[in-house]
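Notes follow the structure.
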Amino acid sequence: MLTINADAHPLMNRMHKPVLNPDTKLPLPPDQQDKRSLVLLEPDGFDRWLSGSVEEAETLLRLTPADVFSAGPSGPHEREEILLL
């Protein structure tokens, strides 16, 4: 699994549990938490990833645009359905 920093992503930067300060056991401020997101390769990039140069592979390391996701608050029924899965 390959991940990249998602601190600047409008959706993925809100997805992780807060990181705790090892000394105080309190959550670190958001600017001190490294938010990560999966790198999703499109099928047309598979050959570049597997056979291309390092430079070509690096061009595939990008965040998925936020508008690709369907995200928003869930209602109580949606939460129950998720828990049942």
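Tabulated results
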item	result
Length-normalised contact order for the range 3-66 - Cα pairs under 8 Å, 6+ apart - percent	39
Net charge contributed by nearby residues that have their C-beta within less than 13 Å of Arg14 (K/R +1, D/E -1)	+2
Neighbour net charge for Gly52 - beta-carbon separation under 13 angstrom, K R +1, D E -1	-4
Modelled FRET efficiency - R0 30 Å, Gln33 with Glu55, Cβ distances, 0.05 increments	0.50
Within the range 9-39, backbone nitrogen closer than 20 Å to the virtual label 7 Å beyond the Cα of Ala71 toward Cβ	9-20, 28-39
Theoretical ellipticity at 222 nm over the chain - DSSP helices of four or more residues, -39500 (n - 2.57) apiece, nearest 500	-5500 deg cm²/dmol
Stokes-Einstein diffusion coefficient of the chain, Kirkwood radius over Cα pairs, 37 °C, 0.692 mPa s, in µm²/s	209
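Read-outs throughout are calculated quantities, based only on the coordinates presented, and are distinct from any laboratory measurement. Treat the numbers as computed from the prediction; the structure is a model and nothing was measured. Glycine gets a Cβ as well: all are built from the backbone with ideal geometry, and neighbour counts include every protein chain shown.
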